[in-house]
Amino acid sequence: MKKLFCGIGLILLLSINVWAQDVNSVKVDVLAKTSSSWDGSSLPDYPKGKPEITILRVTIPPGVQLAVHKHPVINAGVLLKGELTVVTKDNKILHLKAGDPIVEVVNKWHYGKNEGHKPAEIILFYAGIVGTPISIKKENSTDIELRKERK
């Protein structure tokens, strides 16, 4: 009888351990894995030079449209809150909602706008090289410009 209880106890102990591992398991969701931007264009090769990674948290108030701009480096992000619409010069449109990833267009004029009623908050990752801007504002574009903070 004592062996039976020990056997049952061992099974329960192992079951609890397996259950605890499931509760504490790491979960990985791939949000984006691609060699194309959101408009279907192929991403360019990485430039030669010393790598520089920039990570930005950008908050765009409701009703605000960013200046027309382009990115000379590959970048991607995730919209954390709100809604965001991205429009290219050739009128391709991407609508993002909270949780959506974006792999941005490279060297194409475009702008973003928050058509929602709450601030849009996005985290952006730029894979550039030292000395290269991450965003270039189109001349005669008068709205908000994304600029890399200088230290």
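Points worth noting:
- Each of the peptides 92-102, 50-60, 73-83, 111-121 was scored by the mean count of other Cβ atoms within 10 Å over its residues; in descending order, highest first, they stand as 73-83, 111-121, 92-102, 50-60.
- Whole-Hz ³J(HN,Hα) from phi, Karplus 6.51 cos²θ - 1.76 cosθ + 1.60, for the stretch 46-55, glycine and proline x: 5, x, 7, x, 6, x, 9, 9, 10, 10
- Taking θ as phi - 60° and the Karplus parameters 6.51, -1.76 and 1.60, the scalar couplings of the stretch 71-82 work out to 10, x, 10, 5, 8, 8, x, 9, 6, 7, 9, x Hz in sequence order, x denoting glycine and proline.
- Restraint check, 33/137; 48/89; 70/92; 113/138; 108/137, Cα-Cα greater than 19 Å: 33/137; 48/89
Coordinate-derived values only; no laboratory data. Just so you know, these numbers come straight off a predicted model, no measurement behind them. Heads up, the Cβs are rebuilt from the backbone with ideal geometry, glycines too, and the neighbour counts pull from every protein chain shown.
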